[in-house]
Structures are given as C-alpha cells and as structure tokens.
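Asker: Quick one: the structure is below, and I'll ask about it shortly.
The values are calculated or read from the model by the stated rules, or taken from the named source; none is laboratory data. Computed from a predicted model, the values in this text were never measured in an experiment. Note that each Cβ is placed from the backbone with ideal geometry, even for glycine, and that neighbours are counted across all protein chains shown.
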Amino acid sequence: MPVPPPDIDDAANQEPAPAESRWTALAAAMARAVRRQCPAWLSDHAQDIAQMALAKVMAAEEKREGERPLTPFYLHKVAHSALVDEIRRRKRRPEVPLEGTSESGGLEGRFEPRAAGDPESSASFRELGAAVRDCLAAASRERRLAVTLYLQGHTVPETARILGWDNKRAENLVYRGLADLRQCLMGKGHRP
Amino acid sequence: MTSKEAPRPAGEPADVARLRAALASVRGDGQSPVDAERIFDALHGRLTVEERQAVVEELLSNPDAAEAWRLARELAVDSPARVTPLRTRLRWFAAAAVVVLAAGAAWRYTQPASDPVYRGSETRAVVSALPADAVLPRAQPVLRWRSVEGARYRVRVLTPELELLEESAESPALEHTVGPAVLQRVPPGGRILWQVEARVPDGGTVVSPTFSARIE
C-alpha cells in the first residue's frame, strides 16, 4: 500500500488566522502538494494545476456546514486528483508536431505512450485487450479482482493488501485466474 | 506503487507482460466519470475492503478509471519528498520496469509467435556500461551496454513518465546515440530511461533492466 503523504505543510490549519490569510496559506500548501507529485514534463503548469485543486477545495468547503480540517492527506489527495485529471486531459489532446514547442521551450503537446508497429498490429493488440476484459468479466468475482489488479501491474503481495486477502489466497486466485484467462483467450482465437 | 515494492517474481510467465500491455491499450472515451480521489483512497488503503474491491471492479468496466489507477500508481512513485531517496529510487525503478515491460510486450506482440518463456530460466543478462544515473553530454549522448554473445540489440528510450521516445533498429552495435528528436524533448538535466533488448542467436531474447541517465 502506498505510504500516506507525511509532511505536507499544515499551514492552512494554523490558528488563529483571518479567512484571507488562511486561504493564502492554503494556496501555498496546495502549490507545494502539487509540485511534490507533478511529473517533470508537467512542472511548467504546476501553478495552474494548484489553482484548479484549490478551486476544488473551495467548492467542497462551500458545500459543507462549518469548516473541516484541511489535513495534509486531504490536500495531497486533492492535488493528486487535479494532476490525474490534467494528465488525462492532455493525453486526449490531438497530437501535435514535434516542432510545436511552447514559449518556454518545452513541448506543449504530449504523446500517447504507444508501442511501435503498424496500425493493424495496434488494432490487433487492442482486440486482445478487449478480449482480456471480456474474459475477466465472465470470470468468478474473486479471480476477476485478483487478475485485474495483477494486470494493472501490482505484485501478488500488493494485490493481497489492496483486496484484503492474505498472500496465499491472492497467489492462488491470480494463478487460477490467469489460467482461466489464457483458456478463455484461446477460445476466442487469441494467443495469450 | 507501494512503499515495499517487491521485485517481480522470477517465474512470472512472459505472457503476463503482454496481457498487461494489451489491457492497458484499451482506451476509454475520456467521458466516463472517474473519481480520482476515491481511487487515491483505495490505493492508499483509506477505504474499507469492500469499498476497495468495488473500486477494483470498476477498473475492468471503465478504462478511464483504469487509466486513473495507473496514473495514481505512477504519481505515487514520483513523490520524492515522501520517502527516503533510496526507497524512492527503488520504487521509481520498479514502476518503470513494469511499464517498460508492458511497452516491450506490445512491441514483441508484432513479432512471430514463439513458445512461452519464463523469466527465471534466462541466465544471460544485458548490463549497462554506464555508471548509474550517468549524465550524458548533450552533444554526444551515447548509451552503452555490455555484450551478450552473438546478440543483436534494440534500444528503447523513454521519459520518466514512461512515454516511449525512441526505439532503435536492431543492430549488433553495443551503443546507441540518443536522437535529436529525443533531445529536443528532454530539458537540460532531464532524465531518460532506457532499456536494451538483445536477440540472441538461438532466437530468444534477453531484456535488460530499465536504466536511467540524465541529459546534460
């Protein structure tokens, strides 16, 4: 399980403080939270992302009656969420040519991670991915959960921790789930 | 990524990397609702077991959620202030290895079918000839590695965010010069990841660990 963020400044919760300075402190804390998680290629936009994250916090504050403590973990989580949203948004942008650099010299356009190969092969690969989904959807729930996490890149111990199982159980479910998956894929005409 | 990332099991079937990459290749429409905060909570153990399992269920039905989950893992790895430098580095490399293996699997999918290979059976290894985290002069950014007898090599260069920047043609050379298009995308002092795949005379392949270097 990932280690909780331990040391984001708790400036937003310093007391006593007038509302304005509280938000100023919150803005600074959020900027730090974003910078600590922001990939290098996105660092030029960290301030903008921090502003988006701050807007989320403010919107959440307005919905609540009374103030909720803005814990370091909460700020880290909101910063993380804003970063994920921004990365996903950028990944869905149309590709731009390599020459399309920003004023700061960095590339504005990012490219989907993709394997080399012709489009037909890529399409076949996506077909395999879709078949994996279909096969897992038809599997028993526990094997589906185990193999889904395992294929997300988690190890067996991580899979066990996230799903609340012991390692042995997770290992068995991953092993049997993968065996089922291979058989299912072959039945669909795919080579696992 | 977790704080105690274990190395991949030696006996992990090779097809797992390909299955991972295939599953990751399924793209959502970008319109499905994704609760990144809930995914964050699930990944960090802040939800009940039942809630975490419900989030994992969604990963299969919602590719956008699966993408957000993968990003959450990668961003967790990229939080240098959160752990000691050594642990950060280990986690960073572990995450990189996962995705590079997935990218490698996608690459290999275009190759002819062959019998399954188990990682534990491979005794040859591709070793970097550069010091760890080497700084490469921008004017001559050359990656080098040790020879595997009779092998021909391909090199992949990636960003720390695991985007594939460059993939070389197969060659017997024991070095690869990072191309100008890649340099254009790497800021001064920026880091790249690189990996070598050696095709050996018996038709097998040996994939190196993921190495790291900086561009001056």
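Asker: Of all residues in segment A:136-192, how many are in a loop (DSSP other than H, G, I, E, B) and within 21 Å of B:Gly45 (Cβ to Cβ)?
Answerer: 7
Asker: Still on this structure, I have one more. Tally time: how many residues in segment A:169-191 are within 11 Å of another protein chain (Cβ to nearest Cβ), modelled with pLDDT of 90 or more and surrounded by fewer than 20 Cβ atoms within 10 Å (Cβ to Cβ)?
Answerer: So the answer is 4.
Asker: Here's another thing I want to ask about it. Failed condition for B:Trp194, given (1) away from chain A (no Cβ under 14 Å); (2) surrounded by fewer than 21 Cβ atoms within 10 Å (Cβ to Cβ); (3) at pLDDT 80 or above, with all others met?
Answerer: The single condition B:Trp194 does not satisfy is (2).
Asker: Report, by residue number, each residue of segment A:120-144 that is of a type in the set (Ser, Thr, Tyr) and more than 8 Å from every other protein chain (Cβ to nearest Cβ).
Answerer: A:Ser140
Asker: Looking only at segment A:145-168, how many residues end up being under 14 Å from B:Leu59 (Cα atoms), within 7 Å of chain B (Cβ to nearest Cβ) and buried (at least 23 other Cβ atoms within 10 Å of the Cβ)?
Answerer: 6
Asker: Now a separate question. Can you tell me which residues in segment B:143-187 are away from chain A (no Cβ under 14 Å), of a type outside the set (Ser, Thr, Tyr) and in a strand (DSSP E or B)?
Answerer: B:Leu143, B:Arg144, B:Trp145, B:Arg152, B:Glu175, B:His176
Asker: Which residue, of B:Arg154, B:Arg144, is outside the structural domain of B:Leu75 (by TED's automatic domain parsing), of a type outside the set (Gly, Ala, Ser) and either more than 19 Å from the chain's Cα centre (by Cα) or over 29 Å from B:Glu67 (Cα atoms) (or both)?
Answerer: B:Arg144
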